[in-house]
1. It is to be established whether one or more residues within the stretch 223-243 are in a strand (DSSP E or B) and touching a helix residue (DSSP H, G or I) at 6+ places or on another chain (Cβ under 9 Å).
2. Quick one: which of 432, 437 is open to solvent by 20 Å² or more (accessible area, probe 1.4 Å) and either without any contact (Cβ under 8 Å) to a residue 24 or more places away in the chain or part of a strand (DSSP E or B) (or both)?
3. Any idea which residue in the stretch 372-390 is surrounded by the most Cβ atoms within 10 Å (Cβ to Cβ), counting only those that are free of Cβ contacts under 8 Å to residues at least 24 places away in the same chain and in contact with a Phe, Trp or Tyr (Cβ under 9 Å, 6 or more places away or on another chain)?
4. Spot the failing condition for residue 104; the list is (1) open to solvent by 10 Å² or more (accessible area, probe 1.4 Å); (2) under 21 Å from the mean Cα position of the chain (by Cα), and only one is missed.
5. Would you check if there is a residue in the stretch 481-491 being assigned to a loop (DSSP other than H, G, I, E, B) and farther than 17 Å from residue 419 by Cβ?
6. Test residue 291 against the criterion of being part of a loop (DSSP other than H, G, I, E, B), of a type in the set (Gly, Ala, Ser) and either open to solvent by 40 Å² or more (accessible area, probe 1.4 Å) or without any contact (Cβ under 8 Å) to a residue 24 or more places away in the chain (or both), and give yes or no.
7. Keeping to the stretch 488-524, report how many residues are surrounded by 20 or more Cβ atoms within 10 Å (Cβ to Cβ), in contact with a Pro (Cβ under 8 Å, 6 or more places away or on another chain) and under 23 Å from residue 363 (Cα atoms).
8. Within the group 98, 64, which residue is farther than 21 Å from residue 304 by Cα and surrounded by 22 or more Cβ atoms within 10 Å (Cβ to Cβ)?
Amino acid sequence: MASESHHKENLHNLQLEDEGQHRNPSEVKMSQIVLPCHANHCGELSIGQLLKWMDCTACLSAERHAGCPCVTASLDDIYFEHTIGVGQVVNIKAKVNRAFNSSMEVGIEVSCEDLYSGRHWRVCQAFATFVAKGTDANKVQLKQVVPCTHQEQVEHSLAAERRRMRLIHHNIMQELLNNKTLQRSISEESHDDDEALPTERTRVESVELVLPPHANHQVNTFGGQIMAWMENVATIAASRLCNAHPTLRAIDMFHFRGPSQVGDRLVLKAIVNNTFKNSMEVGVCAEAYHGDEPLRHINSAFMTFEVLDEKGRPRPLPPIKPEPQEGQRRYQEALARKKIRLDRKYIISCKQTEVPLSVPWDTSNQVYLSYNNVSALKMLAAKNSWDLSSKKNNVSLYTLEESQSLCFRVEFEMEIPAQRAFILLSDLSRRHEWDQHYTLCNLLLSVDEDDFIYQVVTPSVSKGGKYQDFILLASRRPPCDSGDPYVIALRSVALPSHPPTEEFHRGEVVCAGFTIYEVSQSVSKISYYNQTSPEVLPYISTDIAGLSSSFYSIFCACRQYLLDNIISTSAFTSSAL
């Protein structure tokens, strides 16, 4: 259990709103006291029951925004931080973060309240995607969410990047499984231990008849109910492996493939796919049929369990012996998912200050590094405590100091279409034309049409010192909706093919980049951000102290560069958008 100070901090974060403050019109709250009928053998709230409550709250929020029935399409990764005991209160809050045509992202926060001590603590956070279903055959066009608070603005902005990540989730797995290096590492991890347990002993199959109480108001099987049934068979499979009562720690991102209705028979199958020292992955599949029709695939999910000892520490788990063919495939895919799971949790779920600067880049974590890159810049730009340090001829320098971190922002407006400014500033190979700190910029790798890795060489600040080089991931994003900015985000990564050398001092960039807003068809507001690292600070420190205006000169040169190229077409333009 967390310390008292940690609980107080969580309580402050969870109770920011009171009666006099703004409330999101789509926000829905649910509070439930945990009764024995909701609990498992340990007197703790069943995760299946919690998932039902979460899905119900999120669905009501989605329908409040859409004004019509909605169905659950997907649920992002969930990490359960704490268990909830009988007699404690579960508080669930859901609100729509952003709408995309007929789908929307709903953010869900779950906290626990102890009625006797008055303590509150966070249990989990989740993001669900719901699709609006109109009364006729035409697709529903959802109204846009208008964020009002600072936190709503941040979530609204990040929702677009999370959606991008969901859409390519399946491709990441396929690329990782086709990676020869990973295949070699998987074959090395596979073993024929004499103590390995056959996975067949963990296989579970159960059937459920969908009755009216299991359906929602649209007569479809309630998504939360399906998740609860899936969690039940997964727990049984995990228990058969360890001969103990397991604790569910995480559920991977999953998608509902199709609906189920009252009268359907829902067949649920679960099996342990692999064990990883102190945890195990259980795969679950839900299929439905009615009468003589063939089985319809409803959903598949992957759940991570631990077995805790008397002191609450994870116990070591025995290795497993997969069955030939299908069992071996599940075993290998579980190893691949473990890597993706660690990348997602480490890079995305951690606070920015907890992620090392130069995270090693590879094909399996590229989408999560891109997400971290763009989201870090958006969160930096959304901060509202910037101080104006200096202003000269409409070029403004702002600073922000917090948590032992110094950030700066350079901002100006000029006559240039936002899309054209985006194209020109996205091409880092031309940055030396206006930025004297960029001596050389080589494109090392085109990850995809929106993400690139460069080597940047900068002169030394001290006389006679070594030149510095940076390996930067550049992620560019056009607006998702009107009112969104163009984004060009930069951060350091480690590229195995380009390790540090004696020739250069390897520097690192925490978070940097541009946002470009369209003020009008011909005018743009351009902002450059940088969360300074020790290697970057010397270049800007005299400007912040008011002793020079070198950055003013650089951004005047930037403005002139944009004006000189406002009409000309570069080879980069054709592939920019």
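The values are calculated or read from the model by the stated rules, or taken from the named source; none is laboratory data. All values reported here derive from a predicted model rather than from experimental measurement. Heads up, the Cβs are rebuilt from the backbone with ideal geometry, glycines too, and the neighbour counts pull from every protein chain shown. These accessible areas exclude ligands, DNA and RNA; they are computed on the full protein's heavy atoms, side chains included. Shrake-Rupley method; radii C 1.70, N 1.55, O 1.52, S 1.80 Å.
1. Among the residues of the stretch 223-243, not one is in a strand (DSSP E or B) and touching a helix residue (DSSP H, G or I) at 6+ places or on another chain (Cβ under 9 Å), which makes the answer no.
2. Within the list 432, 437, the selection yields 432.
3. Restricting to residues being free of Cβ contacts under 8 Å to residues at least 24 places away in the same chain and in contact with a Phe, Trp or Tyr (Cβ under 9 Å, 6 or more places away or on another chain), the top hit is 386.
4. (1)
5. The answer is no, given that none of the residues of the stretch 481-491 is assigned to a loop (DSSP other than H, G, I, E, B) and farther than 17 Å from residue 419 by Cβ.
6. Considered against the rule, which asks whether it is part of a loop (DSSP other than H, G, I, E, B), of a type in the set (Gly, Ala, Ser) and either open to solvent by 40 Å² or more (accessible area, probe 1.4 Å) or without any contact (Cβ under 8 Å) to a residue 24 or more places away in the chain (or both), residue 291 comes out as yes.
7. Count: 1.
8. After ruling out the rest, the residue left standing is 98.
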